[in-house]
Amino acid sequence: MFGKKKTKTPQTERKLTPWEKAQRVQKNSGNQNQKKTEKAQHHSFKFLNSRKKRIFVFGGTLIVLIVGGYLVSPLSKVETIKVSGNTHFSTAQIKEIGNIHKNDWIFPYLMGNRDKSKQVYKKQPKLLSYQVHRHGFNTLKITVKENMVAGLVFRNQKYYTILDNGKVIKKSATQPSGDYPVFKNFHKTSVLNALLTQFKQLPPVVRSGISEIDYAPSKDNPNRLHLYMNDGNEVYAILPTFAAKMKYYPQMAADMKQSGVIDLEVGAYSYPFKNKSDETVKNSYNNSSTSKNSVSTVNGSSSTSGSSSSNSGYETSNSSSSGNTSSSSTSTVQATN
């Protein structure tokens, strides 16, 4: 009983029943089909991955070729530059101020318009606006708006350029340069800005005809201006109505027989420089036509009458050295001995 090893009895292989055989065959065939399906799915996924890779590589290569071709082609460089709005600056100066040159890369302007006004104004205050527009593939159009020079301000024995917006250029000169008027005695910025507001409203022909504007206040008129014109005339005006009256200067100057003074402080009339107290000739121009002309003398002098017509709304005074008087169809003459 003890010390003896048990021996396994050999088992004889039992024959499977027909039902068991059918179950085994069905199981084996199912495993084979599953393996075939897994193998087919693996090959399909691998094929799809390789196809995506090929498409990605092909697409990337095509993009690189297109970009590379564009970079080496003339279409990537600025070919033509057009400039508009410049009057006092040349086309070359406008390009240089904006740092835009032919054969520059076009990329900064591919998205459309570009505003360089701020950076250009810091560099050149005489340019208020600087817009860059792209046209076509490689054409640029620069549109500028100039900050016109109003004149020269005289301060501390030096001349400073002042622009229409009141900006004073720091660079000074000991002598005036250019055909710009000189502004003197404008010690207050508020008064100078008020003058510039009026000055900008003047027609170009009037602006270019002014040589100097002095701020000359008096007890009766704290806004008095004294102008020296390029044609030799002088003008007295007041600041609030300066632009409204000064625009008629060309017509008033044309009606003067000789150089003299035009007073626009109260009304509008003129008189020659010489012998102002001897004789005064006043030409009145109204919107409606009138006919009235009288010549009178003081201390027993005779008088005559004529016709007068007016159309301007101002008066012109002329003086002569003689005590005699003469009348015309548009003047009223008074002589005092």
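The values are calculated or read from the model by the stated rules, or taken from the named source; none is laboratory data. A quick note: this is a predicted structure, and the numbers were derived from the prediction, not measured. Because the Cβ atoms are built from the backbone with ideal geometry, glycine has one as well, and the counts that use them run over all protein chains shown.
Pairing residues of the range 66-91 that are on the phi < 0 side of the Ramachandran plot with residues that are assigned to a loop (DSSP other than H, G, I, E, B) and surrounded by fewer than 12 Cβ atoms within 10 Å (Cβ to Cβ), at Cβ distances under 7 Å and at least 6 apart in sequence or on separate chains, gives Lys77/Asn103; Val78/Asn103. When the strands (runs of 3 or more DSSP E) confined to the range 79-172 are screened for residues that are over 28 Å from Phe183 (Cβ atoms) and among the hydrophobic types (A, V, I, L, M, F, W, C), those reaching at least 2 such residues are found at 80-84, 139-146. Among residues belonging to the range 207-230 that are in a loop (DSSP other than H, G, I, E, B) and surrounded by 12 or more Cβ atoms within 10 Å (Cβ to Cβ), point out the one that is farthest from the chain's Cα centre (by Cα). Checking each candidate, the answer is Asn221. Taking the range 231-257 as the range and being among the charged types (D, E, K, R) and assigned to a loop (DSSP other than H, G, I, E, B) as the test, the residues that pass are Asp231, Lys247, Lys257.
When the residues of the range 199-237 are filtered to those that are of a type outside the set (S, T, N, Q) and touching a Gly at 6+ places or on another chain (Cβ under 7 Å), the one that is farthest from Leu264 (Cα to Cα) is Asp231.
Quick grid of which residues meet (1) in contact with a strand residue (DSSP E or B) (Cβ under 8 Å, 6 or more places away or on another chain); (2) modelled with pLDDT of 80 or more; (3) assigned by TED's automatic domain parsing to the domain that holds Arg134; (4) surrounded by 10 or more Cβ atoms within 10 Å (Cβ to Cβ):
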position: Lys8; (1), (2), (3), (4): no, no, no, no
position: Glu20; (1), (2), (3), (4): no, no, no, yes
position: His42; (1), (2), (3), (4): no, no, no, yes
position: Ile81; (1), (2), (3), (4): yes, yes, yes, yes
position: Asn86; (1), (2), (3), (4): yes, yes, yes, yes
position: Gln93; (1), (2), (3), (4): no, yes, yes, yes
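Among all positions in the range 167-189, there is no residue which is of a type in the set (A, V, I, L, M) and within 14 Å of the chain's Cα centre (by Cα). Scanning the range 172-196 for residues that are of a type in the set (Val, Ile, Thr) and in contact (Cβ under 8 Å) with a residue 24 or more places away in the chain returns Val182, Val191. Within the range 211-259, the set of residues being over 18 Å from Phe273 (Cα atoms), touching a residue at least 24 places away in the same chain (Cβ under 8 Å) and among the β-branched types (Val, Ile, Thr) comprises Ile213, Ile238.
For every residue, the table says whether it meets (1) within 30 Å of Arg114 (Cβ to Cβ); (2) surrounded by 16 or more Cβ atoms within 10 Å (Cβ to Cβ); (3) hydroxyl-bearing (Ser, Thr, Tyr).
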{"position": "Asn147", "(1), (2), (3)": "yes, yes, no"}
{"position": "Gly166", "(1), (2), (3)": "yes, no, no"}
{"position": "Gln175", "(1), (2), (3)": "no, no, no"}
{"position": "Thr189", "(1), (2), (3)": "no, no, yes"}
{"position": "Val205", "(1), (2), (3)": "no, no, no"}
